[in-house]
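Student: Sharing a structure with you now.
The values are calculated or read from the model by the stated rules, or taken from the named source; none is laboratory data. Predicted model, so just to flag it, every value in this text is computed and none were measured. Ideal geometry is used to build each Cβ from the backbone, glycine not excepted, and the neighbour counts take in all protein chains shown. Ligands, DNA and RNA are excluded from the accessible area calculation, which covers all protein heavy atoms including side chains. Shrake-Rupley method; radii C 1.70, N 1.55, O 1.52, S 1.80 Å.
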Amino acid sequence: MIKIKNLKKSFRTEEVETLALNNVAMDISDGEFVAIMGPSGCGKSTLLNIIGMLDNPTEGTYNFAGNEIGGLKERQRTELRKGNLGFVFQSFNLIDELTVFENVELPLIYLKMNKAERQEKVTKVLERMKIAHRAKHFPHQLSGGQQQRVAIARAVVTNPKLILADEPTGNLDSKNGTEVMNLLTELNQEGTTIVMVTHSDRDSHYAHRVINLFDGQVVTESQNRAMGAVM
């Protein structure tokens, strides 16, 4: 699904150039669950932004599902993201002015899906995430764990090929964090590819493979026996 070769990303100001990623190479197959780890400032979020087509590399190649991303314009990257990628963030990134239902429905509106089909899909995914009873509530009326369930529902409502998770349990207590990791594991077991940035050793053990970054470079890779869903 993902093929990255000789990837570099630099940020330039008037006085200095910072190399955030330096000759990164990796392949991620369909159905994998991969954790990316490393200290703050090592390039994890920059790499996730490039994989998510939110940014372009300075050098190197990134191929997603047979599409070379580096030369695409913003509009083309936006179209490719639709229906293919789902995002789960540490800070949830829900829209405060929209209800739970409306937050989850939004990606389907972007796909120009008709209202009846949208309502059916949103209802099903909220029921699966055990948050349907909060459909008419607003994000500020929910706990952190409930907000992350809504964020995951929004990420998966389009049945994406790939979910990108950036510190998905970073703002949660251990109980809610475990529930979120179990949900991601279930989605992966059903065939969704997951790439997760995390500082948590515990969370990384849910992944099939752990990639460690340091100073913008891949320094180690290791295989896991994924923990799977933990009750």
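Student: Which of the GluC sites (Glu not before Pro) across region 1-96 are loop residues per DSSP, with 10 or fewer other Cβ within 10 Å?
Tutor: GLU14, GLU15
Student: Which values, in whole Å and largest first, are the semi-axes of the equivalent ellipsoid of the chain obtained as the square root of 5 times each eigenvalue of the Cα gyration tensor?
Tutor: Output for the chain: semi-axes of 29, 21, 17 Å.
Student: Carbon and sulfur atoms: what percent of the 1.4 Å accessible area of the chain do they account for?
Tutor: With neighbouring chains kept in place, the figure for the chain is 47 percent.
Student: Another one. Leaving out ligands and nucleic acids, and using a 1.4 Å probe, what accessible area per residue does the chain come to in Å²?
Tutor: 50 Å²
Student: ³J(HN,Hα) across region 114-122 via Karplus (A = 6.51, B = -1.76, C = 1.60, θ = phi - 60°), whole Hz, x for Gly/Pro?
Tutor: Going residue by residue, I get 5, 4, 4, 5, 4, 4, 5, 5, 5 Hz, with x marking Gly and Pro.
Student: Hey, how many Å between the Cα centroid of region 108-133 and the Cα centroid of region 161-193?
Tutor: 20 Å
Student: Further question: Work out the charge dipole of the chain with +1 on the Cβ of Lys and Arg and -1 on the Cβ of Asp and Glu about the Cα centre, then indicate which of ILE50, THR18, PRO107 is farthest towards its positive end.
Tutor: Result: PRO107.
Student: Using modelled backbone amide H atoms (1.01 Å from N, in-plane), which distant-in-sequence or interchain residues come within less than 5 Å of PHE87's amide H?
Tutor: LEU164
Student: Once you sort the root eigenvalues of the Cα gyration tensor of region 1-98 as a ≥ b ≥ c, which label holds: rounded (a/c under 1.5), prolate (a/b larger than b/c) or oblate (the other case)?
Tutor: Rounded, because the longest to shortest axis ratio a/c is under 1.5.
Student: To the nearest 500 deg cm²/dmol, what mean residue ellipticity at 222 nm is calculated for the chain from DSSP H runs of n ≥ 4 alone, each contributing -39,500 (n - 2.57), summed and divided by the residues?
Tutor: Result for the chain, helices only: -9500 deg cm²/dmol.
Student: Separate question: Take the Cα coordinates of region 101-213, assign each an equal point scatterer, and use the Debye formula without solvent to give log10 I(q)/I(0) at q = 0.23 Å⁻¹.
Tutor: For region 101-213, the Cα-only Debye profile gives -1.35.
Student: Continuing with this model, one more query. Looking at the chain as a GNM with Cα springs under 10 Å, which of ASP55, ASP27, ASP166 has the largest mean-square fluctuation?
Tutor: Result: ASP27 has the largest fluctuation of those listed.
Student: Counting pairs of alpha carbon atoms under 8 Å apart in space and at least six apart in sequence, what relative contact order in percent does the chain give?
Tutor: Once normalised by length, the contact order is 28 percent.
Student: Also, quick follow-up: Would you mind working out the magnitude of the charge dipole of region 107-231 relative to its Cα centre, with +1 at each Lys and Arg C-beta and -1 at each Asp and Glu C-beta, to the nearest 20 Debye?
Tutor: Roughly 700 debye for region 107-231.
Student: Now for a different question. Can you give the longest stretch of the chain with no exposed loop site, where a site means trypsin sites (Lys or Arg not before Pro) in a DSSP loop (not H, G, I, E or B) with at most 16 other C-beta atoms within 10 Å?
Tutor: That would be 137-224.
Student: Output wanted: per-residue J couplings in Hz (rounded whole) for region 9-25, from phi through Karplus 6.51 cos²θ - 1.76 cosθ + 1.60, θ = phi - 60°, x for Gly and Pro.
Tutor: Values, residue by residue: 9, 10, 10, 10, 10, 5, 10, 8, 10, 10, 8, 7, 10, 9, 6, 6, 9 Hz.
Student: Could you give the size of the charge dipole of the chain about its Cα centre, using +1 on the Cβ of each K and R and -1 on the Cβ of each D and E, expressed in debye and rounded to the nearest 20?
Tutor: That gives a dipole near 660 debye.
Student: Can you classify region 126-187 as rounded, prolate or oblate using the Cα gyration tensor, where a ≥ b ≥ c are the square roots of its eigenvalues, rounded means a/c under 1.5, and otherwise it's prolate if a/b beats b/c and oblate if not?
Tutor: It is oblate, given that a/c is not under 1.5 and a/b is not larger than b/c.
Student: Just to be sure I understand the curve: with the Debye formula and one point per C-alpha of region 64-167, what is log10 I(q)/I(0) at q = 0.19 Å⁻¹?
Tutor: The calculated log intensity ratios at q = 0.19 Å⁻¹ are -0.93.
Student: With the cut-off at 29 Å, tell me which of the pairs LYS73/LYS130; LYS5/LYS82; LYS44/LYS175; LYS82/LYS130; LYS8/LYS121; LYS5/LYS175 have Cα atoms farther apart than that.
Tutor: Cα-Cα > 29 Å for LYS73/LYS130; LYS8/LYS121; LYS5/LYS175; rest within.
Student: Which loop-located GluC sites (Glu not before Pro) does region 125-193 contain, where loop means any DSSP state but H, G, I, E or B and the Cβ has at most 14 other Cβ atoms within 10 Å?
Tutor: Those that pass, being in a loop and sparsely packed, are GLU190.
Student: Rounding to the nearest 20 debye, state how big the charge dipole of region 1-110 is about its Cα centre with +1 on each Lys and Arg Cβ and -1 on each Asp and Glu Cβ.
Tutor: The calculated dipole for region 1-110 is roughly 380 debye.
Student: Further question on the same structure: So what is the relative contact order for region 77-145, in percent, with contacts set as C-alpha pairs under 8 Å and at least six apart?
Tutor: 42 percent
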